[in-house]
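Student: Take a look at the following structure, please.
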Amino acid sequence: MKKLLIILIILVSIDSHAQTFDPKQLIGTKWQCVETFSNPTSTWEFSKTEIKETVTWTNINKTVHFSNKYYFSQTIPAKFDWNKVGKGKKGKYLVYYVEKSERMFYLRIESISNDTLRFWHQRDPEAIGGHSSYVLYKRIK
């Protein structure tokens, strides 16, 4: 029993000290989603307060642009906190709001390097279809 308690304390300690990321690492950068398929292509460009997303379908010659507010969070929020946008707080999650669908989304940040940006996308249990998976972006700017 004592060994189990020690193991649980160690696991909780490891989780609570998990790596956090700073939004300053992304401001002014541009990333392209790397997927096994190439249509559509998706890019994200980060400013202090927004992710400018461009989605292009080359087979139908169509491009759409979105501008989504975002912030970093240590925990998964229950709702989007507009007061945290642009505040520069470190966190484990990228939280963003898509106005077109009036919904908050979040991605767990796995890693940020000079070349790659990696997230874990947890499937939304309320959504039809989709799956949980890693999402990888390569830096283009």
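The values are calculated or read from the model by the stated rules, or taken from the named source; none is laboratory data. What you see is a predicted model; the values in this text were computed from it and never measured. FYI the Cβ positions are ideal-geometry reconstructions off the backbone, even for glycines, and counts take in every protein chain you see. For the accessible areas, the whole protein counts, side chains as well, though only heavy atoms, and no ligand, DNA or RNA atoms are used. Shrake-Rupley method; radii C 1.70, N 1.55, O 1.52, S 1.80 Å.
Student: Reachable lysines from residue 138, Cα under 18 Å, same-chain residues fewer than 8 places away excluded?
Tutor: 24, 30, 52
Student: Work through the residues other than residue 46 whose Cβ is under 13 Å from its Cβ and net out their charges, Lys, Arg +1 and Asp, Glu -1.
Tutor: Combined, the nearby Lys, Arg, Asp and Glu give +3.
Student: Assuming R0 = 30 Å, can you tell me the calculated FRET efficiency for the pair residue 39 and residue 114, based on Cβ-Cβ distance, to the nearest 0.05? Intermediate results must be reported in sequence, preceding the final value.
Tutor: Working: r = 27 Å, r/R0 = 0.91.
The value I calculate is 0.65.
Student: Could you do me a favour and compute the accessible area per residue for the stretch 29-72, 1.4 Å probe, result in Å²? Mind showing how you got there, number by number?
Tutor: Numbers: 2470 Å² over 44 residues.
Roughly 56 Å² per residue, with all protein chains present.
Student: For the pair residue 105 and residue 19, what calculated FRET efficiency results from E = 1/(1 + (r/R0)^6), where r is the Cβ-Cβ distance and R0 = 30 Å, to the nearest 0.05?
Tutor: Values: r = 21 Å, r/R0 = 0.70.
With a Förster radius of 30 Å, E is 0.90.
Student: At 7 Å along Cα-to-Cβ for each site, give me the label-to-label distance between residue 64 and residue 48 in nm.
Tutor: The answer from the label model is 3.0 nm.
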